[in-house]
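Q: Can you read through this structure? Questions will come right after.
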Amino acid sequence: MAGGQLLIDICASTDLLNGGSGVRFEVDVGGRNAPAFAIRYGGRAFAYLNRCAHVAMELDWQPGMFFDFDAEYLLCSTHGAFYDPVSGACRGGACIGHGGLRALTVIEQDGRVRWQPDGYAEPLRPIV
Ligand code: FES
C-alpha cells in the first residue's frame, strides 16, 4: 500500500515488455464490469480502460495485442484509431474529436504492477 491507498495487483513487472503484449484485467465502472489493460512503453507501465473513444469497443485485435506494428501507438482493431501509449490521447484515425483513452493509475513496486482505484473505476465487487 502506498499512502494508505488501496492497490490492486495486476501482474508481475516482468509480464510487461516495452511495446509488447498487454495484460487485461477488469474493473467496476458505475456498477458494471469494464475491461482494462496494462502495457509498458518507454520503460514505464500504463493502464487504460479497454474502451475506444470512437465507439465503446475493446481495442485489442487479439487478447492482449494493443500496440501497432511499430510498437509506437495503441491501436484500435475495429476502425484503426491510434492512441499515445503515455497519455492515451488520440493521435489519429476514427477517435479524432472523440477524446482519448481513460487512463488508470498504476504503480510499480516490489516487482509488481498495481492499479490504484480512483473513484471512477473501482475494484470488482466480490460475488456473495
Ligand atoms: S471502435 Fe475504435 S476506431 Fe472505431
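Read-outs: derived from the displayed coordinates by stated rules, not from any lab. Since this is a predicted model, take the numbers as computed values, not measurements. So basically every Cβ, Gly included, is an ideal-geometry build from the backbone, and we count neighbours across all protein chains shown.
Q: Just rank Arg91, Arg32, fewest to most, by other beta-carbon atoms within 10 angstrom.
A: Arg32, Arg91
Q: Okay, next question. What whole-number distance in Å separates the alpha-carbon centres of the range 69-118 and the range 1-44?
A: 12
Q: List every residue whose amide H lies under 5 Å from the amide H of Cys11, counting only residues 5 or more places away in sequence or on a different chain, with H placed 1.01 Å from N in the peptide plane.
A: Val113
Q: Please arrange Cys95, Cys76 by counting, for each residue, the other beta carbons lying within 10 Å of its beta carbon, fewest first.
A: If I rank by nearby Cβ atoms, fewest first, I get Cys95, Cys76.
Q: Mind sorting Val23, Val55 by how few other Cβ atoms lie within 10 Å of their own Cβ, fewest first?
A: Starting with the residue having the fewest Cβ neighbours, the order is Val55, Val23.
Q: May I ask you to derive the relative contact order of the chain, considering only C-alpha pairs under 8 Å and at least 6 residues apart, and to give it as an integer percent?
A: It comes to 27 percent, rounded to a whole number.
Q: Go from 0 up to the bin containing the longest alpha carbon distance in the chain, width 5 Å each, and give me the % of pairs per bin.
A: Whole-percent P(r) values from 0 Å outward: 2, 12, 22, 23, 20, 13, 6, 2, 0.
Q: Cα gyration tensor of the range 75-122, axes a ≥ b ≥ c as square roots of the eigenvalues: rounded (a/c below 1.5), prolate (a/b > b/c) or oblate?
A: It comes out prolate by the Cα gyration axes.
Q: Net charge within 12 Å of Arg114 by Cβ-Cβ distance, Lys/Arg positive one each and Asp/Glu negative one each, not counting Arg114 itself?
A: Counting the neighbours of Arg114, the net charge comes to -2.
Q: Using 1/(1 + (r/R0)^6) with R0 = 30 angstrom and r between the beta carbons of Val86 and Ala56, what's the FRET efficiency to the nearest 0.05?
A: That pair, Val86 with Ala56, gives E of 0.85.
Q: Related question: Under 13 Å from a point placed 7 Å out from the Cα of Ile96 along the Cα-to-Cβ direction: which residues of the range 56-83 have their backbone N that close?
A: Residues passing the 13 Å test: 81-82.
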